[in-house]
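The structure appears right after this line, and notes come after that.
The values are calculated or read from the model by the stated rules, or taken from the named source; none is laboratory data. Values in this document were obtained by computation on a predicted structure and should not be read as measured data. Cβ atoms come from the backbone with ideal geometry, glycine included; neighbour counts cover every protein chain shown. Side chains are part of the model used for accessible areas, which takes the heavy atoms of the whole protein and leaves out ligands, DNA and RNA. Shrake-Rupley method; radii C 1.70, N 1.55, O 1.52, S 1.80 Å.
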There are 4 protein chains.
Amino acid sequence: MRSDVPPIHGIISYPVTPFAPGTGAPGTGAPDLAALRTLTGDLVEAGSHAVAPLGSTGESAYLSDAEWDAVCETSLDAVAGRVPTVVGIGHWSTEGTVRRARVAARHGATAVMVLPLVYWKLTEAELARHFATVADAAGLPVMLYNNPATSGVDLLPETVAGLARDIPNLTMVKESSGDVARFRALRELSDGALSVYNGSNPVALDAFRSGAAGWCTAAPCLVPRPCLALYEAAMRKDAEADAILAELLPFLRFIVQQGLPRAVKAGLELQGRGVGHPRPPLLPLPEKETEQLRGMLRRLSA
Amino acid sequence: MRSDVPPIHGIISYPVTPFAPGTGAPGTGAPDLAALRTLTGDLVEAGSHAVAPLGSTGESAYLSDAEWDAVCETSLDAVAGRVPTVVGIGHWSTEGTVRRARVAARHGATAVMVLPLVYWKLTEAELARHFATVADAAGLPVMLYNNPATSGVDLLPETVAGLARDIPNLTMVKESSGDVARFRALRELSDGALSVYNGSNPVALDAFRSGAAGWCTAAPCLVPRPCLALYEAAMRKDAEADAILAELLPFLRFIVQQGLPRAVKAGLELQGRGVGHPRPPLLPLPEKETEQLRGMLRRLSA
Amino acid sequence: MRSDVPPIHGIISYPVTPFAPGTGAPGTGAPDLAALRTLTGDLVEAGSHAVAPLGSTGESAYLSDAEWDAVCETSLDAVAGRVPTVVGIGHWSTEGTVRRARVAARHGATAVMVLPLVYWKLTEAELARHFATVADAAGLPVMLYNNPATSGVDLLPETVAGLARDIPNLTMVKESSGDVARFRALRELSDGALSVYNGSNPVALDAFRSGAAGWCTAAPCLVPRPCLALYEAAMRKDAEADAILAELLPFLRFIVQQGLPRAVKAGLELQGRGVGHPRPPLLPLPEKETEQLRGMLRRLSA
Amino acid sequence: MRSDVPPIHGIISYPVTPFAPGTGAPGTGAPDLAALRTLTGDLVEAGSHAVAPLGSTGESAYLSDAEWDAVCETSLDAVAGRVPTVVGIGHWSTEGTVRRARVAARHGATAVMVLPLVYWKLTEAELARHFATVADAAGLPVMLYNNPATSGVDLLPETVAGLARDIPNLTMVKESSGDVARFRALRELSDGALSVYNGSNPVALDAFRSGAAGWCTAAPCLVPRPCLALYEAAMRKDAEADAILAELLPFLRFIVQQGLPRAVKAGLELQGRGVGHPRPPLLPLPEKETEQLRGMLRRLSA
């Protein structure tokens, strides 16, 4: 593994966005900023190496602009510089993404993360201009987020390395395709200039062993300790890492399969730390699945 | 073909959204409402059987809420009840979709069209609740829009027919998968209760012959006459329809392949009816492709 | 529709391959050549415009070379020149395909059909050489068979038209992708030099209306009359075609979904014309599905 | 990692099949059994832990039955029991697969490998019966080979574990999907009863670290030493493994991308160990790619 550790590394925790009980259907109330502050603080105090608000887990797709701004400000204020922050700013339009980049910068984000949401299939020139415009406006380190299943476009390592050559502050890539071979490829093709991060929970350990600098995950909202232990064992190249992963895997697969906002919010409820329902169209985790989750959380905290 | 003709049928024209030259990059200016009014009027006067603002062609994904509202109001005002209107209201959150449904209803839309944009993969129960909530709030006939390539979810005819059984005002389906067999399947599975519309330009004629009530298309922005002639020949079961389609096909394939907002805006410019650039991340149609389009438009208007 | 009718057109019937009861598991006996002769004769006498032995329906993938040769000879002998024949000769190796082409030619086939089975992904140069070598050895008209789901390669209209320009006796294409727009595209791109045939049962009528010269189908093994009636109504441009298709569609969808050899063999058994089981790994149609088929056959022969 | 090492483990080398220069096109001559004997002997003497004739690399898809039998017998005779052998026996029909299993067993194979080639999409019951019949006839340990890109079916870990519960001698799985998370899942779901093997070259090291018992690869035909060194370093949990992989990776990606028979045969020619051309439809590696390969081989042997 690389000796140089980039400023953002280790366990990068993704909070959900709490919603206050409103007068309408569950989940349609305003973001519950007090609960968000508590949850974010919990993530820092549990030892997260970084916090990443407004990712997919944070249901950013379902927030209005004003809500997005409030969640951004509150999250960064709650972290209060204790660890680095990476704010998810993906939006369909370049303008919308730029606007969010500026809000994040103004509130003191360490870096921004850009998922290239693709309504109309973009040409290479359009993708390049989009990233360049956003990176320029952000004036912060940019993490390109590749998640073909969500965004509708798969940015191959060659493409990402090419973008990074042209955009000086595009220095990080979060790869969520689950294809472990890409971590090495991205390092190689960028001559080590890109730091790579893993966004696919089931390959958490494989990614560290292939050179990933960090693991982007919502799991620490519920079980921070084994996530941190996995990272530390992986860094020590200790075989214990395999045993920790074996314990975590059923849980990691479960939260991915059920959808992170549904699963994490149900888990917080089970832990007496309820933050309300996910926002419609999402529904709460069904009862049967909630019981499965209860068993998993009990085993992991035993 | 069916003898009963539903109120919305024939050529359903999709306008682009003009943007005024702003102070920033091309396409970042505000919607040019005067130009939108002219373009919309042109579509009605050319003989469109219906007008559908704020579809994918209308770059609705790149508009702020305030811009969306202004485009909706202006479009409906410009149509002024001369033909039916179908307003695209797709949004990631149920709330956002409901809000748009209400705006459309308030300004007098005949119907609303809902593309189920899927950020997190939705369960069947979530999809059903989303459509039911939106349809209830709209209080207007709802056109479900299936476009797997854009939305990330493919609603099969069985699923659509099931939704329609439970939601009384879900009475129309726009199918853009290009799978012609679905038009018959949707009619059959709903016992004729659903009117089906085709959103895939290259199968325009096949769709009419398989029972589609209408063709949802941006082509009339540039070449309304052959589109209308195709519909009329298809209704008369006249073999001339094949000849008209043969002339239109290279153009239809071209605008689909290049992306409708890029291609239609370039074409309006060539016709001396310029409405500005598409909004970033989209770029204008490149020069070489614009020359190809010039040739096609010349041949079609000869 | 085109005025020139190519020699092979209309209903092109695909027989299954009967297997004699052997000493081992059902379906493992030798091809039952007497039953094959009867079934083939039935297809001709029912009015098929052509017969196509050794297609996918004929389970050619599960035959040894010697069995393949015997089925080829018997089928062509049973047709006895009364209608044209198209023999499926697809094989992984070029040599194996050439060998089959020669056997088919020696026994008097009218044409051969080549599915490009792709074990290793082939380059364009490899595909071109494969078809050229086979066409040259065949010395007969060649029908290129595009079926991406089975072969693992999708030959787009542009590619097929390019191959046809270089290979004089590649004059026919069977398109089974179900994409109706390809029938027109193939005619257009080849300036009408290619005759196109439809291999996707559910779009049978749409294909004729888009210029397909024939329908390649196993359905006439069980219900020849409505298949022929559909073709005739389509040729007359009679709206009755839609009614015939509506009656046939549930049956056509069923046999495709269940797999043609399983469904056709179960249907022959129900009609008292049993030809044994499909060969393993295929299993006979399960009981429940056989009952569904019984109902469909009853309705279609009423 | 597991303490129990199964009898088949480590570097499992896949030979190509040499073809003698014939009178026809290159590659159409008979298998060159003397050259096969030499190549196989080389693989054993270089330290391979097992040899696997008649895999995809061995162009088994392009061999006649008689050729297949001769290659099987010669390969096993050349290994002469010095290391275990795994013979690829995949065939479309159950009968054909059984026949090959028996030939392999008669000539003393240690195990057989079954790729479920799927011409017609098989039901679960059909897949289960196919594997059970073949395993029963083989009377040897069976390695199920999952390679969705080639076979057209993706056998998920749950399915494989279910099959293994019912078939006592189905004790090994070769996973070529490249999805590293499956190695752990297969071990877990089978309670460790299944030994898992990796068939995707680019994830060679990740697979060992996730519990794969062996690496199935054609690379040792050209560069056995670094392959063996990678395995040994991985077993010692030595960080040197990452450096070895980094050196090998461009070569591994290249041979996968170019197709193993093309690339390996070109490489043997460059090393003065020529074994003739691949069989048509395959063509030899083009000149430009051959030059790239020359550079890679030079660097790896430096």
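Computed values, structure above
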quantity	calculated
Per residue, in Å², the accessible surface of segment D:10-238 once ligands and nucleic acids are set aside, probe 1.4 Å	32
Projected label distance in nm at B:Gln257 and A:Gln271, using a 7 Å step from Cα toward the beta-carbon	5.3
Long-range amide H partners of B:Ala30 with built H, under 5 Å	B:Ala20
Test item: D:116-124 mean partner chain Cβ contacts at 10 Å	5
Calculated FRET efficiency for the pair B:Arg106/A:Thr23, C-beta based, R₀ 30 Å, to 0.05	0.90
Mean-position separation - Cα centroids, segment D:101-178 and segment A:41-106, in angstrom	49
For segment A:6-21 and segment A:216-235, distance of Cα centres in Å	12
Alpha-carbon centroid distance for the pair segment A:237-295 / segment D:182-213, whole angstrom	25
Dipole magnitude of segment B:10-244 about its Cα centre (Cβ charges: Lys, Arg +1; Asp, Glu -1), debye to nearest 20	240
Residue-averaged 222 nm ellipticity for chain C, from DSSP H runs of 4+ at -39500 (n - 2.57), nearest 500	-14500 deg cm²/dmol
Two-site label geometry, C:Ala132 and B:Ala125: point separation in nm, points 7 Å out along Cα→Cβ	6.1
DSSP beta bridge pairing in segment A:10-301, given as percent antiparallel to the nearest 5	5
Virtual spin-label span in nm between D:Ser301 and A:Arg225, 7 Å along Cα→Cβ	5.7
Other-copy label distances relative to A:Gln271, 7 angstrom Cα-Cβ extension, nm	5.4, 5.9, 6.5
In order through segment C:286-293: 3J(HN,Hα) via Karplus (6.51 cos²θ - 1.76 cosθ + 1.60), integer Hz, x for Gly, Pro	x, 4, 4, 5, 5, 5, 4, 5
Cα-based reach from A:Lys265 at 17 Å (exclusive), listing lysines while leaving out same-chain residues under 8 positions away	A:Lys288, B:Lys121
Built amide H within the under 5 Å cut-off of C:Met113, gap 5+	C:Val87, C:Gly88, C:Ile89, C:Met143
Nearest beta-carbon to the C/A symmetry axis - residue in chain C, distance in Å	C:Asp154, 9
Reach of D:Lys237 by Cα under 26 Å, taken over lysines that are not fewer than 8 positions away in the same chain	A:Lys237, D:Lys174
Inter-copy spacing of B:Ser64 label points, which lie 7 Å from Cα along Cα→Cβ, given in nm from shortest upward	1.3, 7.6, 7.7
Protein heavy-atom accessible area occluded, C/B pair - total, 1.4 Å probe, Å²	1500
1.4 Å probe, heavy atoms, protein only - residues of segment A:126-169 losing at least 50 Å² accessible area vs chain alone	A:Glu126, A:Arg129
Selection from D:Leu222, D:Val87, D:Asn146, by position along the positive dipole direction of chain D (Cβ)	D:Leu222
Estimated vicinal HN-Hα couplings, Hz - segment B:10-18 in sequence order (Karplus 6.51, -1.76, 1.60; Gly, Pro = x)	x, 8, 9, 8, 10, x, 7, 9, x
With every protein chain in place, the protein assembly as shown: carbon and sulfur % of accessible area (1.4 Å)	53
Copies compared at B:Asp154 - label distances in nm, ascending, label defined 7 Å from Cα in the Cβ direction	1.0, 1.4, 1.6
20 Å binning of all Cα-Cα separations within chain B, expressed as whole percents from 0 upward	36, 59, 5
Shielded by partner chains, segment B:87-105 residues - at least 30 Å² of accessible area, 1.4 Å probe, vs chain alone	B:Trp92, B:Ser93, B:Thr94, B:Glu95
Phi-based couplings in Hz for segment D:251-265 (Karplus 6.51, -1.76, 1.60; Gly and Pro marked x)	5, 4, 4, 5, 5, 5, 5, 7, x, 4, x, 4, 6, 5, 5
